[in-house]
1. So is K231 away from ligand 2 (no atom under 12 Å from the Cβ) and either part of a helix (DSSP H, G or I) or under 15 Å from the mean Cα position of the chain (by Cα) (or both) or not?
2. Suppose the filter is loosely packed, with under 15 Cβ neighbours inside 10 Å, modelled with pLDDT under 95 and touching a helix residue (DSSP H, G or I) at 6+ places or on another chain (Cβ under 6 Å); does K314 pass it?
3. Determine whether S33 is open to solvent by 30 Å² or more (accessible area, probe 1.4 Å), without any contact (Cβ under 8 Å) to a residue 40 or more places away in the chain and not in a helix (DSSP H, G or I).
4. Is segment 219-238 home to any residue that is touching a residue at least 40 places away in the same chain (Cβ under 8 Å), closer than 30 Å to V86 by Cα and within 14 Å of ligand 1 (Cβ to nearest atom)?
5. Does segment 317-329 hold any residues that are open to solvent by less than 60 Å² (accessible area, probe 1.4 Å), under 17 Å from I353 (Cβ atoms) and not in a strand (DSSP E or B), and which are they?
6. Mind listing just one residue for me: the one in segment 202-228 that is surrounded by fewer than 14 Cβ atoms within 10 Å (Cβ to Cβ) and away from ligand 2 (no atom under 13 Å from the Cβ) and, of those, nearest to N257 (Cα to Cα)?
7. Give segment 248-278 a look and list any residue that's within 15 Å of the chain's Cα centre (by Cα) and open to solvent by 10 Å² or more (accessible area, probe 1.4 Å), or say none.
8. Considering only segment 117-164, state which residues are open to solvent by 40 Å² or more (accessible area, probe 1.4 Å), within 11 Å of ligand 1 (Cβ to nearest atom) and in a strand (DSSP E or B).
Amino acid sequence: MRIGILGGGQLAMMMIKMSSNKHNIDFLVVDPSEKPPASKYAECIKSEYDDIESLNLLIKNCDVITIDFENVPSHALKYLEKHISVYPNSKSVETCQDRLSEKNLFLQNNIPTTKFKSIGSEKDLEEGIKEFGGDSILKSRKLGYDGKNQIVVGNQNAKDIWKKIGGMESIIENKINFITEVSIIGVRNIAGETFFYPLVENSHKHGILNTSIAPFENHTLQKEAEVIHKKITSLMDYVGVLVIEFFIDKNNKLIANEMAPRVHNSGHWTISGSNISQFESHILAISNLPLKEIKTPKYSGMINILSKMPDINKIEKIGVSNIFNYGKSERPNRKLGHITITCSDKKLLIEKINTISKILY
Ligand code: ATP
Ligand code: MG
């Protein structure tokens with residue numbers, strides 16, 4: 001079995017690391033950058049994602065194709081799909097690439113989401129600000145990650161905001177005064193069976209994921225999130241790991257924010273905190289191998305390492321499960337690695353996370 005991956009970042013790296021020896025699977029990666037993280041464990045073709053020669057190499061040499069980030073050009077996935085299985089399929093990826101289609105999918109299927117409006121011009125924005133007020137956010141429809149291409153409206157005028165967003169097609173949405181944020185990570189196989197990890201509680205700094213803690217113990221919300229996830233994956237005929245991010249509002253209700261058609265930063269803890277990691281689950285699902293019932297007997301946390309790598313000795317002394325260094329060069333607010341901790345005592349877990357946060361920030 002050989003799997004082709006479009007994208008060779010840290011998520012591809014971990015999918016390969018967590019499954020290649022265990023299940024005897026080979027990987028072939030396409031990524032435009034020099035020595036991406038995945039090149040540590042697999043052969044990488046250095047090219048654009050839609051380079052026809054590279055796509056033909058994948059078709060010739062692989063059994064199935066997947067992605068490690070959602071902004072792969074959908075025409076590349078559509079080309080591949082004519083010749084080989086692509087999981088998740090191009091339609092699902094396309095939906096998740098565009099905030100407007102994502103929000104419309106939520107709306108059309110009665111999944112609570114933020115109030116939103118499509119913005120295509122400065123005039124639209126002017127009307128949007130009138131309707132939504134300053135307590136709203138303008139977000140580009142495409143290419144947003146880590147809070148990029150998002151502007152809180154506040155008391156700024158439409159002209160300035162439109163200039164700041166570079167005239168990109170966007171949506172305006174109301175700001176949620178949330179209690180907390182959670183994500184549901186679920187995996188669906190080709191036969192349509194789905195398995196779920198427990199909800200993860202996420203906190204962000206400057207729009208970038210800072211920590212994740214699992215499980216978020218709320219039986220009602222867990223079930224509600226699973227129902228929403230199942231609804232979406234069956235609508236999209238989705239195969240693999242899909243993650244949905246939610247706000248929990250003041251009424252303790254889930255409000256869908258966005259989706260990721262791939263394994264997710266908020267699921268890194270599954271390596272030490274679960275009997276099967278999100279990475280292995282995704283690979284099993286797309287390879288049509290049997291999935292495992294997911295068990296999460298302990299508490300786990302994940303802290304992202306941003307901007308600068310810390311003194312590893314100091315972190316190790318605290319007693320952590322894993323420290324991952326993606327081998328990337330340091331840059332302000334760049335994700336360089338992460339730390340995971342798994343333990344039986346939630347209080348101890350939180351203490352350790354706080355101690356590590358003080359070292360990192
Ligand atoms: P990601 O890194 O998850 O891909 P992103 O850049 O795609 O992030 P969002 O997830 O929409 O964008 O926003 C990032 C964070 O900004 C959210 O997790 C949340 O903390 C905050 N945020 C976004 N939209 C809203 C909102 N409508 N109300 C309140 N906070 C918000
Ligand atoms: Mg997000």
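The values are calculated or read from the model by the stated rules, or taken from the named source; none is laboratory data. Everything numeric in this text was worked out from a predicted model, so none of it was measured. Cβ atoms come from the backbone with ideal geometry, glycine included; neighbour counts cover every protein chain shown. Note: accessible area is taken over every heavy atom of the protein model, side chains too, but ligands, DNA and RNA are not part of it. Shrake-Rupley method; radii C 1.70, N 1.55, O 1.52, S 1.80 Å.
1. On the way: away from ligand 2 (no atom under 12 Å from the Cβ): yes; either part of a helix (DSSP H, G or I) or under 15 Å from the mean Cα position of the chain (by Cα) (or both): yes.
It is true that K231 is away from ligand 2 (no atom under 12 Å from the Cβ) and either part of a helix (DSSP H, G or I) or under 15 Å from the mean Cα position of the chain (by Cα) (or both).
2. Details: loosely packed, with under 15 Cβ neighbours inside 10 Å: yes; modelled with pLDDT under 95: yes; touching a helix residue (DSSP H, G or I) at 6+ places or on another chain (Cβ under 6 Å): yes.
It is true that K314 is loosely packed, with under 15 Cβ neighbours inside 10 Å, modelled with pLDDT under 95 and touching a helix residue (DSSP H, G or I) at 6+ places or on another chain (Cβ under 6 Å).
3. Values: open to solvent by 30 Å² or more (accessible area, probe 1.4 Å): yes; without any contact (Cβ under 8 Å) to a residue 40 or more places away in the chain: yes; not in a helix (DSSP H, G or I): yes.
For S33, the condition - open to solvent by 30 Å² or more (accessible area, probe 1.4 Å), without any contact (Cβ under 8 Å) to a residue 40 or more places away in the chain and not in a helix (DSSP H, G or I) - is met.
4. So in segment 219-238, the residues touching a residue at least 40 places away in the same chain (Cβ under 8 Å) come out as 225-226, 228-238.
Remaining after also requiring closer than 30 Å to V86 by Cα: 225-226, 228-238.
In the following step, the residues that additionally are within 14 Å of ligand 1 (Cβ to nearest atom) were identified as none.
Within segment 219-238, not a single residue is touching a residue at least 40 places away in the same chain (Cβ under 8 Å), closer than 30 Å to V86 by Cα and within 14 Å of ligand 1 (Cβ to nearest atom).
5. Of all residues in segment 317-329, those open to solvent by less than 60 Å² (accessible area, probe 1.4 Å) come to 318-324, 326, 328.
Among the residues that remain, those that are also under 17 Å from I353 (Cβ atoms) are: 318-324.
Those that are open to solvent by less than 60 Å² (accessible area, probe 1.4 Å), under 17 Å from I353 (Cβ atoms) and not in a strand (DSSP E or B): I318, G319, V320, S321.
6. Applying the filter and picking the extreme gives V227.
7. If we filter segment 248-278 for residues that are within 15 Å of the chain's Cα centre (by Cα), which is where we start, we get 256-270, 277-278.
Scanning segment 248-278 gives N257, E258, R262, H264, N265.
8. Q150, V152
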